Amino acid sequence: MEAFIVALASVWADSGFSALTGGHVIMIIVGLILLYMAIGKGFEPLLLSPIAFGCILANIPKNGFDAPGVMSVIAYGIHHEVFPPLIFLGVGAMTDFGPLLANPKTLLLGAAAQGGVFVALLGAMLLGFSVQEAAAIGIIGGADGPTSIYLAAKMAPQLLGAIAVAAYSYMSLVPLIQPPIMKLCTSEADRKIVMKQLRPVSRFEKIAFPIMCTIVISLLLPSVTALIGMLMLGNLFKEAGCLDRLSDTSQNALMNIVTIMLATGTGCTMSAESFLNYQTILIICLGLVAFIAGTAMGAMFGTLMCKLDGGQTNPLIGSAGVSAVPMAARVSQKVGQQCNPANFLLMHAMGPNVAGVIGTAVAAGTMLAMIGPVAK
Amino acid sequence: MGAVTTNPWLIAIINMTIVFGVLIALGVLMSLIQVVDPTKKKADAPKVAAPAPAPAAAPVAAPAASSNDEIIAAIAAAVAALGCSADDIAYVRRLPNTGWTNAARVEANSVRKECF
């Protein structure tokens with residue numbers, strides 16, 4: 001009998017229950033809520049589900065994730081910026097730069113929407129975050145998950161979990177956050193504007209653009225060569241016409257595998273010790289401010305562009321300048337059709353939308369060049 | 001190397017200037033690519049030789065193939081669903097590639113569920 005009790009005590013001592021804290025329980029509940037939002041409510045299920053599950057796994061005491069194994073490989077991929085460029089490879093293979101090439105002035109809308117990044121940066125520094133932390137928090141306003149993770153891993157690895165969760169949570173809430181701000185920043189008459197059909201873009205332009213864009217941006221901002229290079233390589237696979245197998249792998253199999261690893265790894269950074277603190281609440285609030293400011297600045301710049309070009313631009317496409325590809329463009333289309341059911345803005349909004357992806361990467365590269373990564 | 005500056009206003013102003021500058025440079029690059037496009041002339045050539053488009057006066061052009069009748073009927077139904085009548089249709093004519101390419105793009109963007 002005594003041996004039985006000793007064995008039971010040993011099992012108990014080795015179990016996770018013996019080390020379970022209130023913080024772990026709270027974070028497991030957070031993981032369950034995120035799972036419900038992903039599966040039950042359909043908010044970004046492909047990303048939020050593995051993030052939520054990773055959160056639950058990270059808060060199982062004595063999980064052994066520090067020992068060599070698949071989880072340590074995933075953690076390595078997160079902390080050493082392996083996954084974000086691979087995600088960009090897939091994003092590039094799924095992206096059509098045609099609308100942007102057909103209407104290059106929409107690049108300015110993608111630039112204007114980056115204003116949210118710097119509003120959040122200012123707010124973060126005023127709230128006492130260091131300049132590196134503020135830069136990593138600010139990039140949430142770019143609405144670009146991989147770039148947020150990339151910059152956080154370099155500049156504020158201790159905040160990576162909170163930043164990634166804030167970025168992906170708000171990206172999934174784009175259809176709820178953006179419309180009221182878009183309506184506030186534009187007039188009804190402007191929202192009804194029907195834009196001209198885009199010109200056809202030649203195959204040469206579509207092939208030359210990713211190559212030239214990579215060379216120019218990488219020479220200017222070498223710190224984001226991995227991100228921009230992989231984005232444009234993926235796009236080259238798509239447009240080359242003779243690389244269909246690579247394009248197919250990049251946008252399907254590889255993308256799915258890397259999404260599983262990136263999202264699960266992000267969830268695994270949400271341990272109670274690093275997540276349950278006052279800073280996380282501030283980051284979540286600053287992320288929302290960044291999103292709102294980015295949307296507002298994009299829409300306001302769209303209004304300005306509309307006035308300057310004699311009413312040819314519907315300002316609603318400006319809000320798509322925050323990346324969140326292609327959700328933000330879909331929101332522009334939906335809000336536009338509410339005002340004018342015959343209006344089709346989706347392809348016009350894809351221009352600023354993909355410009356936003358490039359703009360966020362440029363903003364990240366500029367901050368890395370100006371501020372520098374944190375010493376590891 | 002340490003931070004060049006820790007003044008948040010200066011960081012914001014310099015960064016926004018660089019973001020605008022780089023994207024404007026990309027815009028110039030795009031225009032340059034369009035100008036030097038060696039395939040542009042080949043694409044333009046058939047346009048010159050192409051016959052004049054069908055007169056716009058006809059309410060609905062009558063194409064020979066029956067599949068086109070179905071497409072026109074579908075377009076008319078879609079227009080009616082938007083609250084307009086079939087009389088509002090001036091003409092229906094096939095554009096060289098663009099319309100269908102755009103439709104495929106719209107569909108491709110609409111079916112994607114994830115957001116990056």
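The values are calculated or read from the model by the stated rules, or taken from the named source; none is laboratory data. Not measured: the values here are computed from a predicted model. Cβ sites come from the backbone with ideal geometry, for glycine too, and all protein chains shown count toward neighbours.
Here are a few things to note about the model shown:
Okay, residues lined up against (1) at pLDDT 95 or above; (2) on the phi > 0 side of the Ramachandran plot; (3) among the aliphatic types (A, V, I, L, M); (4) surrounded by fewer than 23 Cβ atoms within 10 Å (Cβ to Cβ):
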residue	(1), (2), (3), (4)
A:G128	no, yes, no, yes
A:K192	no, no, no, yes
A:K196	no, no, no, yes
A:N235	yes, no, no, no
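- For region A:331-371, a tally of residues being in contact with a Lys or Arg (Cβ under 9 Å, 6 or more places away or on another chain) and at the interface with chain B (Cβ under 7 Å from one of its Cβ atoms) returns 3.
- Scanning region A:97-112 for residues that are within 16 Å of the chain's Cα centre (by Cα), assigned to a loop (DSSP other than H, G, I, E, B) and of a type in the set (S, T, N, Q) turns up nothing.
- Close contacts from region B:6-28, counting a first residue that is crowded, with 19+ Cβ neighbours inside 10 Å and a second that is among the hydroxyl-bearing types (S, T, Y) and in a loop (DSSP other than H, G, I, E, B), with Cβ to Cβ under 8 Å and a gap of 6+ residues or different chains, come to B:I11/B:T5.
- Hey, A:I87 more than 18 Å from B:L23 (Cβ to Cβ), at the interface with chain B (Cβ under 8 Å from one of its Cβ atoms) and either without any contact (Cβ under 8 Å) to a residue 60 or more places away in the chain or in a helix (DSSP H, G or I) (or both) or not: yes
- Residue within region B:18-35 that is more than 23 Å from A:G141 (Cα to Cα), among the hydroxyl-bearing types (S, T, Y) and facing chain A (nearest Cβ under 7 Å) present: yes
Conditions tested, residue by residue: (1) buried (at least 22 other Cβ atoms within 10 Å of the Cβ); (2) among the hydrophobic types (A, V, I, L, M, F, W, C).
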| residue | (1), (2) |
| --- | --- |
| A:G141 | yes, no |
| A:P157 | no, no |
| A:G161 | yes, no |
| A:A164 | yes, yes |
| A:Y170 | yes, no |
| A:K183 | no, no |
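- Matching entry among A:A320, A:A324 (being under 21 Å from the mean Cα position of the chain (by Cα) and modelled with pLDDT of 90 or more): A:A320
- Qualifying residue in region A:305-314 (condition: within 14 Å of chain B (Cβ to nearest Cβ) and closer than 29 Å to A:P210 by Cα): yes
- Hits in region A:280-295 - residues which are crowded, with 23+ Cβ neighbours inside 10 Å and either within 15 Å of A:A189 (Cβ to Cβ) or more than 14 Å from chain B (Cβ to nearest Cβ) (or both): A:I283, A:G287, A:T295
- Within region A:150-177, the set of residues being in contact with an Asp or Glu (Cβ under 7 Å, 6 or more places away or on another chain) and within 13 Å of A:C268 (Cα to Cα) comprises A:L159 only.
- Here A:V73 clears all of (1) more than 21 Å from A:A166 (Cα to Cα); (2) surrounded by fewer than 18 Cβ atoms within 10 Å (Cβ to Cβ); (3) in contact (Cβ under 8 Å) with a residue 12 or more places away in the chain except the condition numbered (3).
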